[in-house]
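These notes concern the structure reproduced below.
The values are calculated or read from the model by the stated rules, or taken from the named source; none is laboratory data. Being a predicted model, the structure only gives us computed values, none of them experimental. Please note: Cβ atoms are built from the backbone with ideal geometry, for glycine as well, and neighbour counts cover all protein chains shown. The protein model used for the area step is the full one, side chains on, heavy atoms only, and it has no ligands, DNA or RNA in it. Shrake-Rupley method; radii C 1.70, N 1.55, O 1.52, S 1.80 Å.
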Amino acid sequence: MDLEKSFLFGTKDEKKNSTTIYRHISPSASPLQIREITWSTTQPPFRVYFERWYGLAVIALLNMSIILCCFSFAPIANTSADYFDVSLMAINILATEYMLVYIIIPPFSNSILNKYGVKQALLIGAILNGVGATVRYTAIRSNNNSTRFALVITGQTICAMANPFVQITSTRYAMSWFNDKERTMATMIASIASPVGGAISFFIVPLLGTFDNRVPAVLLVSAVIALILILPIILMHDKPKTPPSYAALSLTEKSIPGVKKLIKDKNFLILLFSFSTINGFRTAILGLLSVTFVLYGYTEKDAGNVGAIMIMSGILGAGIVSYIIDKFHVHQFVLKTAAPLIGISFFMLIFVVKENNFYVIGAICCAIGFLHLSLIPIFLELGVECSYPISANTSTTLLYTGSGLFGTMATLVMDYFRDQKQEKSLKMTKSLWFEGIFVLVAGFLVLFYNAPDLRWQAEATKKRQEKELANAQFRTGSIKQRTIRAMSVDAVELF
């Protein structure tokens, strides 16, 4: 019989508690096949630890701190331009740096995560973030505007380098510490921390200090937060003593072979394009929010209020959706409902962004926040599901890399289309048409996604096999280890 070893849950050298699963792969096999499943009953029961919430909180706070550094100047773009004596384009580039760096750093951060684990990746990210924020703060000590801005760019770049080390850990940490009933919620909390941090910056930054010392106050606060968050990571554990689920046990495929498979997978490419477009353009809109509002006669405080609206609605939406998905496992239904709606919402910005229309703009941004933060964990989880058993952080890295690429492109193009002379007939009209059409197409593209949830199916199959084995052991009185022979009409499924 043509068999291949599908997964190995440890070895006798690595773990005494081992399981070897074989999968039938011959399409021409006889209808009646005998399959052997060897299972060690000495394997410890699955367990979740309260410590998982501590690590999840650290990841979320670190993500928020990094984005606070990256978006320090976007909410007060005009104030920052005056402080450093540079153009608005230069300030907008500061907001896009972290997306641009995301195109370069992920191969290194992904390698660190695979080789050394979540804790080491987080520690590197936290140190980079702390160093970068400190370098930015030293800029206020210089009296030369050119030196000031050069130090800010240097620090901003170092902070941006921290982002890939932290952001890609969300799905890996969720699978390592949480069971299948909490995994989507854990991914949601870790992944939405970045956009939440960006939205919080729009609410808090305009309130810091007075007009004259607002930029120094922002640099000081962000540096203090970044340095404080290094310590909690030292107290974390990389993995729990006992795994929480079958998925946490499985050894997954290495990054490079996994990437080669994913870029040929139609369903993953759909997720990649849609997520990159939606998340990238949302980030671009957030980065240009203050500039856009000022063009239409609003204030930086108004932009901050819209950011607050987006974060509150987003947290509500993400909480509701993650609970529904964990309980009913309806990832694809929610994806195919929410993605077209967010595409329509972005398209509506073309017609509602105008003078004296604040409440309508706020309503549309509320819808975008609700849908966007709900979609992030769904995209990340489906990326893992359709690519399983490829490493979870490989699909996550590709999704965020695409998002960084599209976000950089969107910000630069939309800023280029911005009316530099502030003529009432133009303003941001071309930019809004550009983002509206792109996101609308990406939103409806997900309707063609039809991949099976491979990880969920694998866990369901494994649970069924374990139940069958337990019943057989009860009947036969077997102990420790027994080989079970069962007649199978169909080819043996995964696991």
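Within the range 454-468, residues that are open to solvent by less than 10 Å² (accessible area, probe 1.4 Å) reach partners that are part of a helix (DSSP H, G or I) with beta carbons closer than 7 Å, at six or more positions or on different chains, in the pairs R455/A247; R455/V384; R455/E385; E459/Y246; E459/A247; K462/Y246. The set of residues in the range 265-297 that are of a type in the set (V, I, T) and at pLDDT below 90 comprises T283, I285, V291, T292, V294.
Does G343 fit the bill of being at negative phi, buried (at least 23 other Cβ atoms within 10 Å of the Cβ) and modelled with pLDDT of 90 or more?
So G343 fits the description; yes.
With respect to the conditions (1) of a type outside the set (A, V, I, L, M, F, W, C); (2) surrounded by fewer than 24 Cβ atoms within 10 Å (Cβ to Cβ); (3) under 23 Å from S72 (Cβ atoms), K181 lacks only one, and its number is (3). Scan the range 479-486 and tell me whether some residue there is under 24 Å from I390 (Cα atoms), modelled with pLDDT under 90 and open to solvent by 80 Å² or more (accessible area, probe 1.4 Å). No, the conditions are met nowhere in the range 479-486. Contact map, the range 270-291: first residue surrounded by fewer than 24 Cβ atoms within 10 Å (Cβ to Cβ), second residue not in a helix (DSSP H, G or I), Cβ cut-off under 6 Å, separation 6 or more or different chains; pairs are I270/Y449.
More than 19 Å from S191 (Cβ to Cβ) and open to solvent by less than 20 Å² (accessible area, probe 1.4 Å), is that true of L335? Spell out the reasoning first.
Numbers: more than 19 Å from S191 (Cβ to Cβ): no; open to solvent by less than 20 Å² (accessible area, probe 1.4 Å): yes.
In short, no.
Would you pick out the residues in the range 190-242 that are in contact (Cβ under 8 Å) with a residue 24 or more places away in the chain and among the small types (G, A, S)? Across the range 190-242, the qualifying residues are A190, S191, A193, S194, G197, G198, A199, S201, S222, A223, A226.
Contact map, the range 403-424: first residue on the phi > 0 side of the Ramachandran plot and open to solvent by 10 Å² or more (accessible area, probe 1.4 Å), second residue at pLDDT 80 or above and hydrophobic (A, V, I, L, M, F, W, C), Cβ cut-off under 8 Å, separation 6 or more or different chains; pairs are Q422/L295.
If you filter the range 108-126 down to residues that are more than 16 Å from L68 (Cα to Cα) and under 16 Å from the mean Cα position of the chain (by Cα), you find that the one that is surrounded by the most Cβ atoms within 10 Å (Cβ to Cβ) is L113. Checking the structure you have, find out if any residue of the range 127-148 is open to solvent by less than 20 Å² (accessible area, probe 1.4 Å) and touching a Phe, Trp or Tyr at 6+ places or on another chain (Cβ under 7 Å). Taking every residue of the range 127-148 in turn, none turns out to be open to solvent by less than 20 Å² (accessible area, probe 1.4 Å) and touching a Phe, Trp or Tyr at 6+ places or on another chain (Cβ under 7 Å).
Scanning the range 136-183 for residues that are in a helix (DSSP H, G or I) and more than 27 Å from the chain's Cα centre (by Cα) yields a total of 12. Looking across the range 206-226, the residues that are surrounded by fewer than 18 Cβ atoms within 10 Å (Cβ to Cβ) and farther than 16 Å from T134 by Cβ come down to L207, G209, T210, F211, D212, N213.
The helices (runs of 4 or more DSSP H) located wholly in the range 1-102 that include 2 or more residues which are at pLDDT below 80 and more than 24 Å from N179 (Cα to Cα) occupy 88-101.
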